[in-house]
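Structure, as structure tokens:
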Amino acid sequence: MSLLFPLGLLALAAWLVPLLIHLARRHQYAPLDFAALQWLRARIRPRQRVRFDEWPLLLVRLLLLAALALLLARPVLRGGAADTHAVTVVAPGLDGTALRGQDTKGDWRWLSPGFPTLADAAPPFPQPLASLLRELDQRLPAGSPLTVYVPDPMSGLDGERPRLSRPVTWRPVPMAPPATRVAAVPLLQIGGGIAEREQRVLAAIQRAWSNQPLSPARAATTAPDDGQLGVWLAAEPLPTVWQAWVQQGGSVLVASDPAGTGWMPVLRDAQGASVLEYRPEGRGRLLRFTAALSPPELPALRDPDLPRQLLGVIAAPAAPTLAPAATQLPLRGASAPLPAPRELAPWLLALIVLLFAVERAMATSPRRGAGA
């Protein structure tokens, strides 16, 4: 047994309360003078020992306070036999009822946040399957067998193949792969006032990307369209409509000296100097050049390969989230999950209620009043 909050034992100092009450309420014996005793010489009365009356009631009260102090310290039990029954999880998007078949006694769950039972409604698709597998591995006891049904090809991947602490029975279910969308070359959409030299630079970049002219400037009350790269190089702050568009996943190129911190370089020139920086904003991002858009102030603009490098940063392909399920069989080697401690609070609460009932019964007993 261990304590999650050992300082709760300081409440044992409350033991002084019943001790003092029982010392103060000891039975007092009133002296009674007899006429025949008045001629006797008074003797020194012997010193009385400290004596507690009604010690069973005192003991019950001390036990009650001790149980309350232990409850504040939050005792838990560690170790013991863990429930290592087999668990089967089904990824969202699969027919869990068909996969389960006639197995009504097994522990079947959805591979989704919270790992609800298969009897619950099917979770939305897709889900971060790789991350959920790692979480489930740490939730289950170390000896629990795990079977996983995943679609093939498997989605919901991240930057690393899952690594678990236990062997897994891997069951890929063939499915038609979803259609992949090819990222289009972004179109620059300027807004607000912009200098002529900056407009010439942006027009050259747009022609290098898509051989299309630069779109006309857009009003501050109209945000760029999806798939466009907003450009706001005016001295005024970014309009509210544009800010909301960035929060929803848009990208805007702003002036080189906006207020705020947290800028990180994403493009450098041949000498290692930062050319382009970015800062995340909600689900979108802000971009800025480190100097004004003119060759004297930003020499990297003279590099003929700069448009291609900019396109590689702005329209970078997303990390792959789809792969054959056979290649995603979890690896071994992760740390084994720690055994979950068992809380003793419910048992302590029951003991406290019982002790309180016994204490009230003893304190209000008619026999106690007669003895007093």
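Derivation of every value follows stated rules applied to the coordinates shown; laboratory data play no part. For clarity, every value in this text was computed on a predicted model and none was experimentally measured. So basically every Cβ, Gly included, is an ideal-geometry build from the backbone, and we count neighbours across all protein chains shown.
Couple of notes before you dig in:
- Cβ-based exposure ranking for THR261, THR169, in which fewest neighbours within 10 Å come first: THR261, THR169
- Computed lengthening from THR147 to ALA86, 0.36 nm per intervening residue step minus Cα-Cα distance: 21.2 nm
- Our Cα-only numbers for region 187-314 put the radius of gyration and Dmax at 13.7, 40 Å.
- Overall, region 187-314 carries a charge dipole of about 160 debye about its Cα centre when +1 sits on the Cβ of Lys and Arg and -1 on the Cβ of Asp and Glu, all other atoms neutral.
- Loop-located trypsin sites (Lys or Arg not before Pro) across region 96-178 with a Cβ neighbour count of 13 or fewer within 10 Å are LYS105, with loop assigned by DSSP.
- Candidates PRO307, ALA195, THR240 compared by Cα position along the dipole of region 187-314: farthest toward the positive end lies PRO307, with charges placed on Cβ.
- Net length available on complete extension from LEU20 to SER294 is 90.0 nm, with 0.36 nm assigned per residue and the Cα-Cα distance removed.
- At most 13 other Cβ within 10 Å, DSSP loop - trypsin sites (Lys or Arg not before Pro), region 243-296: ARG283
- With neighbour counts taken as other beta-carbon atoms within 10 Å, the residues PHE289, PHE5 rank, fewest first, as PHE5, PHE289.
- Working from label points 7 Å from Cα in the Cα-to-Cβ sense, the ARG342 to MET175 distance is 3.9 nm.
- With neighbours defined as other Cβ atoms within 10 Å of a residue's Cβ, the residues ASP305, ASP152, ASP225 order from fewest to most as ASP305, ASP225, ASP152.
- Here the label points at LEU311 and GLU160, each 7 Å from Cα along the C-beta direction, are separated by 3.5 nm in the simple model.
- Other residues with beta-carbon under 10 Å from the beta-carbon of ALA323 carry, at +1 per Lys or Arg and -1 per Asp or Glu, a net charge of 0.
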